[in-house]
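Student: Here's a structure for you.
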Amino acid sequence: MTEERAKQKMNDRSIGRYVGRLAPSPTGALHLGNVRTFMIAWLRARSLGGKLIMRIEDLDHPRDKPGAAKEAIEDLKWLGFDWDEFYIQSERKEFYRDALEKLRSKGLVYPCICSRRDVEAAQSAPHEGEQLFYSGTCRGRYTTWAQACRELQMRGQSSRLPCWRFKVDAPSIVEFDDVFAGRCVYDVSSSFGDFPIARDEGAAGYTLAVVVDDSAMGVTEIVRGDDLLSATPQQILLRRSLDLGDVSYLHVPLAVGKDGRRLAKRHGDTRIKSYREMGVKSQALIGLIASSCGWAQEGENITLADLLPRFDLSTIPHNPWVVDKLGNFVTPSTREAPLA
Ligand code: GLU
């Protein structure tokens, strides 16, 4: 980065300018549900004259799919999204390692040898219902990482690795005012207990990486799906332990299928890529999503930029967007005109 640009960046932050982010995990193709959340995040930042960060969250091996990040970027650009800075988490591991070291030196984490499932949970963004409660079995048992590894060897489980857990005092009440969801109060000790933050000796997972990055990138507000609302208190505890200051949160309802479950393959093909391949216009997709937020008429074709003056958080329904009537979405009016 040039010196000029770095100065500008400092300036943006010191005058408290809005900085938002889009943080896709390349674990699958982008679909209508992901895009709706990104659309809200993009419009929120741009309507406030703010800046947007694009951050690829690719620490979730083995769930990450090769090529998915590139495809997500293509899809988003095709839909009219843009951003000002671009980062890839797998290229930033040293920052997460430093943060882990800081927590370790403060005595706030410990090695844990509990099940593979627990250890793997350290890597993923814990979407609603995926977080496990941990009773603290390994707390105080191993003073070093090597000791925890030795214990696994003695149990004949040397193919497994410990994870690092963050110590949560009881009680650990976290309160925050979400811009969309309202007042939230959690006791992290009774809902989740000590939570995993890194797999392997220094490989940070989602929770630690997201906290380090949001702070390093000067993010002032986190806009994302409300399936991550319950992951927020843990992130707030980590921010406090690392002296990273506060950030604003704005969690919006998800898109779901008729069965009320998070939109996924089982509900049919709502991948942006598939619509593109069928010749659907980007404006038709933007219109479809915008109509679910109260910013467009059903069937209206509109660009993302043209939605800026219509952006209004108060018209977004507080219930999930039920995506159930898309069978006849692909029609001559939603498709590009055939070539003459
Ligand atoms: N990358 C995460 C996901 O796609 C979202 C992270 C976040 O917004 O904090 O699940």
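Student: Would you mind getting me the FRET efficiency between ASP306 and GLN131? Use the beta-carbon distance for r and R0 = 41 Å, nearest 0.05.
Tutor: The formula returns an efficiency of 0.55 here.
Student: Related question: Calculate, axis by axis, the spread of Cα positions in the chain along the three principal axes, and write the results as whole Å, longest axis first.
Tutor: On the principal axes, the chain reaches 72, 46, 38 Å in Cα extent.
Student: Identify unpaired cysteines across the chain, taking unpaired to mean no other cysteine Cβ lies under 4.7 Å from the residue's Cβ.
Tutor: CYS114, CYS149, CYS163, CYS184, CYS293
Student: Using only C-alpha atoms and all pairs of different ones, pull out the Kirkwood radius for region 135-238 in Å with one decimal.
Tutor: With all distinct Cα pairs of region 135-238 included, I get 15.5 Å.
Student: Which of ASP177, ASP227 comes first, and how do the rest follow, when ranked by fewest Cβ neighbours within 10 Å?
Tutor: Result, fewest neighbours first: ASP177, ASP227.
Student: Report, in deg cm²/dmol and to the nearest 500, the calculated mean residue ellipticity at 222 nm for the chain, where each DSSP H run with n ≥ 4 adds -39500 (n - 2.57) and the sum is divided by the residue count.
Tutor: -9500 deg cm²/dmol
Student: Could you tell me the calculated FRET efficiency between GLU85 and GLN153, based on Cβ-Cβ distance and R0 = 45 angstrom, to the nearest 0.05?
Tutor: FRET efficiency, GLU85 to GLN153: 0.55.
Student: Compute the helix-to-body angle for 3-14: its Cα long axis versus the longest principal axis of the chain, expressed 0 to 90° and rounded to tens.
Tutor: 90 degrees
Student: Work out the charge dipole of region 36-180 with +1 on the Cβ of Lys and Arg and -1 on the Cβ of Asp and Glu about the Cα centre, then indicate which of LEU108, ILE56, VAL179 is farthest towards its positive end.
Tutor: Sorting the options by dipole projection puts first LEU108.
Student: Quick check of the Kirkwood formula: for region 239-340, what is the inverse mean of 1/r over all pairs of different Cα atoms, in Å?
Tutor: 15.7 Å
Student: Further, regarding this structure: Counting other beta carbons within 10 Å of each residue's own, what order do ASP312, ASP60, ASP169 fall into, fewest first?
Tutor: ASP169, ASP312, ASP60
Student: Please go through the residue pairs LYS65/LYS273; LYS93/LYS167; LYS273/LYS325; LYS51/LYS325; LYS65/LYS106 and name each one whose alpha carbons sit more than 26 Å apart in this structure.
Tutor: Table pairs above 26 Å Cα-Cα are LYS51/LYS325; LYS65/LYS106.
Student: Take each of the peptides 298-305, 34-41, average the number of other beta-carbon atoms within 10 Å over its residues, and list them starting from the highest.
Tutor: For the peptides 298-305, 34-41, the packing ranking is 34-41, 298-305.
Where a number appears in this text, it was derived from the coordinates with a stated rule and is not lab data. What you see is a predicted model, and the numbers here were worked out from it, not measured in a lab. Please note: Cβ atoms are built from the backbone with ideal geometry, for glycine as well, and neighbour counts cover all protein chains shown.
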